[in-house]
Structures are given as C-alpha cells and as structure tokens.
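A short worksheet on the structure shown next.
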Amino acid sequence: MMLPPRWWEWVRGSVFCGLWLGSILSGWLLLCCPLLPLMVLRPRTYRLAIDVVFAMWELYPAALIRLVLQTKVVVTGDPVDGAERSLLVMNHRTRLDWNFLWAGMQRAVRAGPQATRLKFVLKAPIAHVPGPGWVMQMACHLYIHRSWERDQRLLAQSLRFFRDMGHTCQILLFPEGTDLTPKSACRSDRWADSHGLPHYEYVLHPKTTGFVFLANTMREYKHLDAIYDVSVGYPKTLVQSEVDLFRGHIPEEIHFHFKRYNVADIPETENDLKAWLEQRWREKEQQLQQFYKDGYFKDSKLQNRKDKAEPTETALCLAFCFWTCLICTALWLILVSTFAQVYALLHAFVFVGLSLFGSGAHIVEIQLHQARQKVLKAN
C-alpha cells in the first residue's frame, strides 16, 4: 500500500520523469538525428554510432535513480557477460521494470556498461511514442503486434539482420507479456484453470511461443551463447506506473537476481523449451515468495554480490552532468534558433510519417540492408 508522498518526494519523482524524458528528446534531436544519413551512406558506422549513443545514455537512468530518486539497487546472482550474445527472460512486476533495469545492468555486467547492447522485445505501439519510441526505433529494438504470423516474420528479419551485421547484442523478453496487475492476474488465473495449472501470486504464467521462437532462431543463427533468467522485486514501496512515480511514490529499494544458463544446457525441441521456461517460472514464483518474506534474494552461489558497490560516483556524476547539459542545450536552441525549430519539426514529421506509412526507422534500416544484400548476390 502506497502512503501519501511528502512534498520533496513529489519533487524528486517529477524531476526524475522530466529529466528522463528530456534526455531522450535532446539525445534524439542533437545526437541521433544527425546520424540518419549514415544509415544509407555507412550502415555499419550508423549502427555502431547509434549503439554508442544509446550505451552512453544507459548510464543516465542509473544516475537519476541513484542521485535523484536515491533508490538503492541491489544485484545478486551470476554476473552478465556484456560481450555475449544472450537472451534475457524477466518477470514483469511493474510498467517501470524496463526503466529500472538499466541501473541493474550497470552493476550486473562484467565487462562494463560500454559492452552492453540490450534490445527489448516490446509492444509495437511503444515504437511510435514521440521521443522514446523514435530513439528505440533507431536503437533497433524488436517489436511485436500480437499477430504471430507477422511477429514471427519481423523477429526473424531482425535476428537475420543482427547476424549479417555481426552485431553482438542481448535481447530482453518479458514472457508474461504484460505487467502484474489485478486484471492481468485474473486473466492468468483463468488460463491456469483451463490448463489445470496452479495460480501464481507473484508472477503471471509465461507465454512460451515467442520465447521458443527466439531461442531456436538465435541458436540457428549462431547468435546465442547463454540465457539469463532475471527476477526483479520491490521489497518496500511498489511503483506500478509512471504516474505513480511522477506523484512522488518512490521505491526505496529495487532488487535484481540474475541466473545464467549456458546454451549447451538449454533443450532444443519446442516442447522441451516450453517445459524449460515453465519450470523457470515455477521456480521464480517460489523465489519471489521467499524474497517478499525475507526482503532480499537468497543466492547460494554468490551471496556477497548483494553488497557489491554500485557504479562509481564519478561515472554517474559525469553521465548526469553530460545529459543534463544536453537537455539545457537542446531547450535553449529550440527557444532561440529558428533553424533548430525547423530541424526538430522536420525530423518529427519524418518519424511521424514512418509511423503512419511504415513500421519505423528500424524497419527502413533492415530493408536497406536487404536491398544491399540482393545487389551483392546479383553481382
């Protein structure tokens, strides 16, 4: 149960939301849009440059969580190898899990934040949200439309693109499909009743079709080294949505637990993969029951990881200063420069047009790649 926030908590939540959104809009305008010509002229350079910009930005949410929200992020379990090609599966407790995950990844990744190339599997409408959706298009995240025939084709298209580009990345999937709410829990319980399965309290029953396809296709394309089972828990204040955070309901602690499975230990047949994922979720339910009883994840393999130091204050402060200055620069340019206003409006029209008449910048990038591949084969 959330208590009414004090006024300074409301300020902290509002500042976090404003700076987070401002960093995305300013990064899109000043750093990402100037790179668009490279999509045609130097596609590999474009992909590398966008990934560098996105990796730089990933530190900013971590900095805001630490410095503005003053939330403690606790990570336990296996370290994540940022140089691996991996699939991450995670329970979806709140709408903000994916945003808080950046702070968890900074602490979990063995090779440092610059090594991560995390791609989310997201609902397609998110791709068209002005600002965040446009940047995530350019970062080449994966999107699903709730039509499996179409989703299967688009996911395979994206994975082939990553393979052809030699693009090492980590792909995050929420197998539950949505965050845990009373309404989604009721749907999950009805589905469990129809299949003779138990009700879950802390997770939803996972959807296995997308997971099986991703795991098998990534393995077929030699793009899978490991699968990470990620659990997230909020032992104190639970923030369900962005509105809650804006109103000043701030989580005091966020806990992440990572467990790595080598690809050699993952089954290959469709039925065995479904059973493997369902078993992970049964274990996750038990794990979260214990978590909400004790207030932390028990980790027999690496107990002291929960005491691991967070990213250095220097790195967080540098990220905070850089992106906050970028926000101020973008705002000043929009206010005083006619060129900046026209530039921003023109690019906004381009991305709105891509949303209305296409599927986004990421699909354009993939289609250009496919066209080049055809020309090379023809020659």
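The values are calculated or read from the model by the stated rules, or taken from the named source; none is laboratory data. Treat the numbers as computed from the prediction; the structure is a model and nothing was measured. Neighbour counts run over all protein chains shown; Cβ positions are idealised from the backbone, glycine included. With ligands, DNA and RNA removed, areas are computed over all heavy atoms of the protein, side chains included. Shrake-Rupley method; radii C 1.70, N 1.55, O 1.52, S 1.80 Å.
When you scan region 185-243, how many residues do you find that are β-branched (Val, Ile, Thr) and touching a Phe, Trp or Tyr at 6+ places or on another chain (Cβ under 8 Å)? Reasoning before the result, please.
Kept after step one, since they are β-branched (Val, Ile, Thr), are these residues of region 185-243: 203, 208-209, 212, 217, 227, 230, 232, 237, 239, 243.
When the remaining residues are screened for being touching a Phe, Trp or Tyr at 6+ places or on another chain (Cβ under 8 Å), the result is 203, 209, 227, 230, 232.
Total meeting the criteria: 5.
Grab the helices (runs of 4 or more DSSP H) fully contained in region 2-67, keeping just those with 3 or more residues being more than 29 Å from Val239 (Cβ to Cβ) and open to solvent by 30 Å² or more (accessible area, probe 1.4 Å).
Working: elements: 7-27, 36-41, 43-67.
Here the list reads 36-41, 43-67.
Residues that are more than 16 Å from the chain's Cα centre (by Cα) and of a type in the set (Asp, Glu) within region 38-84 comprise Asp78, Asp81, Glu84, listed in sequence order. Here Leu173 meets each of (1) surrounded by fewer than 22 Cβ atoms within 10 Å (Cβ to Cβ); (2) modelled with pLDDT of 95 or more with one exception, condition (1).
Rundown of residues vs (1) out of contact with any His (no Cβ under 7 Å at 6 or more places or on another chain); (2) among the aliphatic types (A, V, I, L, M), yes/no style:
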{"residue": "Glu176", "(1), (2)": "no, no"}
{"residue": "Ala192", "(1), (2)": "no, yes"}
{"residue": "His195", "(1), (2)": "yes, no"}
{"residue": "Tyr202", "(1), (2)": "yes, no"}
{"residue": "Lys207", "(1), (2)": "yes, no"}
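Do the conditions hold for Lys274, that is, is it buried (at least 18 other Cβ atoms within 10 Å of the Cβ), modelled with pLDDT of 95 or more and over 15 Å from Leu172 (Cα atoms)? It is false that Lys274 is buried (at least 18 other Cβ atoms within 10 Å of the Cβ), modelled with pLDDT of 95 or more and over 15 Å from Leu172 (Cα atoms). No other residue among Lys222, Lys259, Lys183 is free of Cβ contacts under 8 Å to residues at least 12 places away in the same chain and of a type in the set (D, E, K, R) apart from Lys183.
Filter region 349-360 down to the residues that are over 14 Å from Leu154 (Cβ atoms) and touching a helix residue (DSSP H, G or I) at 6+ places or on another chain (Cβ under 7 Å), then identify the one that is modelled with the lowest pLDDT.
Our first condition is that a residue be over 14 Å from Leu154 (Cβ atoms); within region 349-360, this holds for 349-357.
Going one step further and asking which of them are touching a helix residue (DSSP H, G or I) at 6+ places or on another chain (Cβ under 7 Å), we end up with 351, 354-355.
Details: Phe351: 94, Leu354: 88, Ser355: 83.
Only one residue tops the list, namely Ser355.
Total residues in region 202-239 satisfying the condition of being modelled with pLDDT under 95, within 15 Å of Leu180 (Cβ to Cβ) and either surrounded by fewer than 21 Cβ atoms within 10 Å (Cβ to Cβ) or of a type in the set (Ser, Thr, Tyr) (or both): the figure is 2. Take region 163-212 and flag every residue that is of a type in the set (Phe, Trp, Tyr) and more than 20 Å from the chain's Cα centre (by Cα). Listed by number, the residues that qualify are Trp191, Tyr200, Tyr202. In region 307-316 there is no residue that is at pLDDT 90 or above, out of contact with any Ser or Thr (no Cβ under 6 Å at 6 or more places or on another chain) and under 17 Å from Pro61 (Cβ atoms).
Residue-by-condition table, conditions (1) open to solvent by 60 Å² or more (accessible area, probe 1.4 Å); (2) in contact with a Phe, Trp or Tyr (Cβ under 8 Å, 6 or more places away or on another chain); (3) within 18 Å of Glu201 (Cβ to Cβ); (4) touching a residue at least 24 places away in the same chain (Cβ under 8 Å):
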site: Arg247; (1), (2), (3), (4): yes, yes, no, yes
site: Pro251; (1), (2), (3), (4): no, yes, no, yes
site: Val263; (1), (2), (3), (4): no, no, no, yes
site: Arg280; (1), (2), (3), (4): no, no, yes, yes
site: Gln286; (1), (2), (3), (4): yes, no, yes, no
site: Gln289; (1), (2), (3), (4): yes, yes, yes, yes
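For region 71-137, which fully contained strands (runs of 3 or more DSSP E) count at least 3 residues that are under 17 Å from Ile171 (Cα atoms) and open to solvent by 10 Å² or more (accessible area, probe 1.4 Å)?
Because the criterion is at least 3 residues that are under 17 Å from Ile171 (Cα atoms) and open to solvent by 10 Å² or more (accessible area, probe 1.4 Å), the strands (runs of 3 or more DSSP E) in region 71-137 that meet it are 118-123.
Being closer than 24 Å to Pro61 by Cβ, at pLDDT 95 or above and surrounded by 14 or more Cβ atoms within 10 Å (Cβ to Cβ) narrows it down to one of Phe297, Phe256, so name that one.
Values: Phe297 fails: at pLDDT 95 or above.
Answer to the selection: Phe256.
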